[in-house]
Protein chains: 2
Amino acid sequence: MTAPTTTALESTKAAELLGLLARDLAPDRLATDPRTVAAHATDRSGARSDGSPLAVVHARRTEDVTVTLRHAHGLGVPVVPRGAGTGLSGGATAGEGVLVLDLSGMNRVLELSADDQLAVVEPGVITAELDRAAGAHGLRYAPDPASAAISTIGGNIATNAGGLRCAKYGVTRDSVLGLEAVLADGTVIRTGRRTVKGVTGYDLTALLTGSEGTLAVITSATLRLRPVPMATATLAAYFPSFEAAAEASYAIGRAGIEPALAELVDGPVLHAIDPELRERGAALLVVQCDGAGASVEAEVVARLLTPLATTVEVTDDPAEAESLLAARRLALPALERLGRPLIEDIAVPRSRLAEAARSIRAISERHGVPIFTIAHAADGNLHPIIVVDPALERLPDAAWEAAGEIFALALRLGGTLTGEHGVGVLKRQWVAEELGPSAHALQRRLKEAFDPLGILNPGKSL
Amino acid sequence: MTAPTTTALESTKAAELLGLLARDLAPDRLATDPRTVAAHATDRSGARSDGSPLAVVHARRTEDVTVTLRHAHGLGVPVVPRGAGTGLSGGATAGEGVLVLDLSGMNRVLELSADDQLAVVEPGVITAELDRAAGAHGLRYAPDPASAAISTIGGNIATNAGGLRCAKYGVTRDSVLGLEAVLADGTVIRTGRRTVKGVTGYDLTALLTGSEGTLAVITSATLRLRPVPMATATLAAYFPSFEAAAEASYAIGRAGIEPALAELVDGPVLHAIDPELRERGAALLVVQCDGAGASVEAEVVARLLTPLATTVEVTDDPAEAESLLAARRLALPALERLGRPLIEDIAVPRSRLAEAARSIRAISERHGVPIFTIAHAADGNLHPIIVVDPALERLPDAAWEAAGEIFALALRLGGTLTGEHGVGVLKRQWVAEELGPSAHALQRRLKEAFDPLGILNPGKSL
């Protein structure tokens, strides 16, 4: 008798796994029909793996996750956890022979404590919905990724998502107090606590946050909520150049103001939204100050911006603020009308923002690739967006090379490949360079300590 | 020929290690004289391990650390890293056969960037000195443990130290952007970056923060600085009971105010400081609001406290503020006059503060052990302080039992054994209960991934 080929062995395993899952999960949890499976094979990045996943488990309870992982682990079958599939780096792509574990149906807010300013939620809760639920108690969930209306808390934690307000309120990690998670072998662990402080043991909560589903599957999260600020003041200023707008953002920092958000939009983006906006200036900076001192801070900011800007508008009216922020919010839809946007996500020390933008322009010109840039100025987090022809089968070499140069630029300036979107599959080839060989090797050992068989989201992140 | 006994083998190894260190380190780095060694065998907790350490390495450069660890690792000799030795949990105690690695001489501020609002420092920098250096640029280092004048940044990071201002500005972890650290085998790694955001790879920076010297030795830290607030307003209010003061702190949170600090001092502590203070009330709450809205917030706070308090004082004058804060600052010296204070450090969800204090009083009465309580109210972090007769050789059983009940209380309320001081040796026996068996086992696997021979600060933390 000869040994079965790898492929034959794998398909035996796959059949066995599906049998066990069909036996141990409620009937509505397991989907194997090609349409459902295909719909769960990629995310918003559009990246695709070869082949088709085995099946999709629609988890509704932690037990669904433990059963799924226990069986997958026993048979060594890879598992790709996913939320709403809004990731931009391909972290949820699933190819041949992989089981997809869909957490979007675990979407209950389990607890909301106004007194302790925290919520306990399942991973499939939509971020904006948590924020809304908190709002009923005068609280809010501070992290506000641009995808908040469609992305899930679990996905936000998996990528340590940022957003606009993290200029002042920190990234997702800063709002995660504790987690329930299931390890690769089906063991349930609890990390962190219900308190803001706590130093018993290593910080597994922070380690899981941003781990892109490669260390464990998050089944519930205890999240910090914060009071809705007493007041908010919004400014929008147009500048003769991106550099001038960047300089203005430095001046805000130097004056000791910590704005709630500081968003930069470059001229090509303004033009894509509305050519009339582009006529107002070559760059737009929108700043929001909040809290009891919002109007005092906004006055200082207005005074700082005025000598540098073409025009400055200030408002404390929410509707007017929304219209000032509109240009920023319309950026992506506008670029989507031009083609397929590849949204990069580098971060640099914030004093290098102007330098980064200048270099990105040079990269764009050198490769003949249009690059549009928006930035979270207070964080030094730039989104250079390469727009390519959607009809193309694969990314043109020039776009790929431009992206590579943008990453190299970020590292040269002391920054990072990804400020808030994660590595996924799209940025993997540059990870080792950022981490350095020793830290990279150590990270692989950590992965092994969590998931010795390597079944959790293989080929992602590291 | 028979195998050498363990002890003989160990003393051979020790001699070999000292020989290698004498060969490879500059002469002023290695100390073996009994006085120096004895002075580096414990920390401010007063806890002691049996026997005497081998020697002390006074590191001045990263290379001193790599050389020391490489040789210690090669020979399997345990190493206890330490800063200023101000820890309260025994994290830096060193006993028989152990090499002490003293980082206090690595005390340079390597860089201070006002534009990027960050500093790069060696681990031996005294926390208050960094804060002072930042002050010259209108910035500050936000974390302010009570020990800031005597403790080091490295020690603060090792314990993820808290402080008063972390009510608003977070714990040490929230100010650490990146680290250089040396692994047990002498490999240098760099974690994190110079940017506020960044999600490439697992968050080793957070993992090392609070790891109490058991995972790696920190040789430099990139720290976030923040602007000195535009204004500060301080309130001090006396209350008829600790519960009333706790209720007042809840009211502040419910009103959506995030104070920069909210410190609670109970009646017995007030009495220990000055019996006259105790006559003003059974508890003191000191609140500080800062930022552009400080005075607006302080007005709201005063309005909330007035109906609950006996007296309320408000000031925006720094000298007066200092005198209002004095009672809080005098608490520990006052208790030290009464005996040897054992400072516990539990944290509970902040709405359980009153309940925790009530239970601590009951524990005190049941065991006939005087317990004095101060608390960081906004964090739910209580320091119940058991004062024992300093003449006693060992802790009385009643004190030990009372401490055990305090830890059990913290866990029952959904809190933690230690909010900001660390586990060290003193709280180790309760760690497994807080973490649960699966997370505890996982943490041990992480320790092995970093330090397979277990030479770094053995017997601490986990």
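Values for this structure:
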read-out: Residue check for A:LEU69: open to solvent by 30 Å² or more (accessible area, probe 1.4 Å) and among the hydrophobic types (A, V, I, L, M, F, W, C); value: no
read-out: Some residue of segment B:308-315 being surrounded by fewer than 19 Cβ atoms within 10 Å (Cβ to Cβ), of a type in the set (Val, Ile, Thr) and touching a Gly at 6+ places or on another chain (Cβ under 9 Å); value: yes
read-out: Sole exception among (1) surrounded by fewer than 22 Cβ atoms within 10 Å (Cβ to Cβ); (2) out of contact with any helix residue (DSSP H, G or I) (no Cβ under 8 Å at 6 or more places or on another chain) for B:VAL171, by number; value: (1)
read-out: Which listed residue, of A:VAL57, A:VAL80, is outside any loop (DSSP other than H, G, I, E, B), touching a strand residue (DSSP E or B) at 6+ places or on another chain (Cβ under 7 Å) and within 16 Å of A:GLY424 (Cα to Cα); value: A:VAL80
read-out: Selection count where residues are open to solvent by less than 20 Å² (accessible area, probe 1.4 Å), of a type in the set (Ser, Thr, Tyr) and either in contact with a Phe, Trp or Tyr (Cβ under 8 Å, 6 or more places away or on another chain) or closer than 18 Å to B:GLY87 by Cα (or both), scope segment B:126-160; value: 3
read-out: Matching option when the condition is within 26 Å of the chain's Cα centre (by Cα), open to solvent by 10 Å² or more (accessible area, probe 1.4 Å), under 17 Å from B:ARG350 (Cβ atoms) and in the same structural domain as B:GLY419 (by TED's automatic domain parsing), among B:GLU243, B:GLU263, B:GLU258; value: B:GLU258
read-out: Single residue of A:THR68, A:THR7, A:THR2 found to be within 20 Å of A:GLY454 (Cβ to Cβ), modelled with pLDDT under 95 and not assigned by TED's automatic domain parsing to the domain that holds A:THR418; value: A:THR7
read-out: Qualifying residue in segment B:161-174 (condition: on the phi > 0 side of the Ramachandran plot and under 20 Å from the mean Cα position of the chain (by Cα)); value: yes
read-out: Subset tally (residues that are under 15 Å from A:ALA262 (Cβ atoms) and in contact with an Asp or Glu (Cβ under 6 Å, 6 or more places away or on another chain)) for segment A:146-166; value: 4
read-out: Qualifying residue in segment A:38-45 (condition: acidic (Asp, Glu) and open to solvent by 20 Å² or more (accessible area, probe 1.4 Å)); value: no
read-out: Within segment A:388-462, helices (runs of 4 or more DSSP H) holding 1 or more residues that are touching a Pro at 6+ places or on another chain (Cβ under 7 Å); value: A:397-412
read-out: Hey, B:ARG190 in a loop (DSSP other than H, G, I, E, B), facing another protein chain (nearest Cβ under 10 Å), open to solvent by 20 Å² or more (accessible area, probe 1.4 Å) and of a type in the set (Lys, Arg) or not; value: no
read-out: Hits in segment B:256-273 (condition: touching a Leu at 6+ places or on another chain (Cβ under 6 Å) and more than 17 Å from B:SER241 (Cβ to Cβ)); value: B:LEU261, B:ALA272, B:ILE273
read-out: Unmet requirement for B:ALA47, which otherwise passes all of (1) under 28 Å from B:VAL423 (Cβ atoms); (2) of a type in the set (A, V, I, L, M, F, W, C); (3) modelled with pLDDT of 95 or more; value: (3)
read-out: Selection status of B:VAL300, open to solvent by less than 10 Å² (accessible area, probe 1.4 Å), of a type outside the set (Phe, Trp, Tyr) and under 30 Å from B:VAL228 (Cα atoms); value: no
read-out: Tally, over segment A:214-228, of residues that are crowded, with 20+ Cβ neighbours inside 10 Å and assigned to a loop (DSSP other than H, G, I, E, B); value: 4
read-out: Strands (runs of 3 or more DSSP E) within segment A:266-384 that include 1 or more residues modelled with pLDDT under 95; value: A:311-315, A:340-343
read-out: Matching option when the condition is of a type in the set (Gly, Ala, Ser) and part of a helix (DSSP H, G or I), among A:ALA262, A:ALA248, A:ALA237, A:ALA233; value: A:ALA248
read-out: Positions within segment B:436-460 being more than 7 Å from every other protein chain (Cβ to nearest Cβ) and of a type in the set (Gly, Ala, Ser), in sequence order; value: B:ALA441, B:GLY454, B:GLY459
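Residues checked against (1) within 9 Å of another protein chain (Cβ to nearest Cβ); (2) touching a helix residue (DSSP H, G or I) at 6+ places or on another chain (Cβ under 6 Å); (3) not acidic (Asp, Glu):
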position	(1), (2), (3)
B:TYR202	yes, yes, yes
B:SER211	yes, no, yes
B:LEU223	no, yes, yes
B:PRO229	yes, no, yes
B:THR234	no, yes, yes
B:GLU243	no, yes, no
B:ALA248	no, yes, yes
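Conditions tested, residue by residue: (1) in contact with an Asp or Glu (Cβ under 8 Å, 6 or more places away or on another chain); (2) outside the structural domain of A:GLY138 (by TED's automatic domain parsing); (3) without any contact (Cβ under 8 Å) to a residue 12 or more places away in the chain.
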site: A:VAL269; (1), (2), (3): no, yes, no
site: A:ALA272; (1), (2), (3): no, yes, no
site: A:PRO275; (1), (2), (3): no, yes, yes
site: A:GLU279; (1), (2), (3): no, yes, yes
site: A:ALA292; (1), (2), (3): yes, yes, no
site: A:VAL301; (1), (2), (3): no, yes, no
site: A:LEU305; (1), (2), (3): no, yes, no
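The values are calculated or read from the model by the stated rules, or taken from the named source; none is laboratory data. Just so it is clear, the structure is predicted and the values come from calculations on it, not from any experiment. Methodologically, a virtual Cβ is constructed for each residue, glycine included, from the backbone with ideal geometry; neighbour enumeration extends over all protein chains shown. These accessible areas exclude ligands, DNA and RNA; they are computed on the full protein's heavy atoms, side chains included. Shrake-Rupley method; radii C 1.70, N 1.55, O 1.52, S 1.80 Å.
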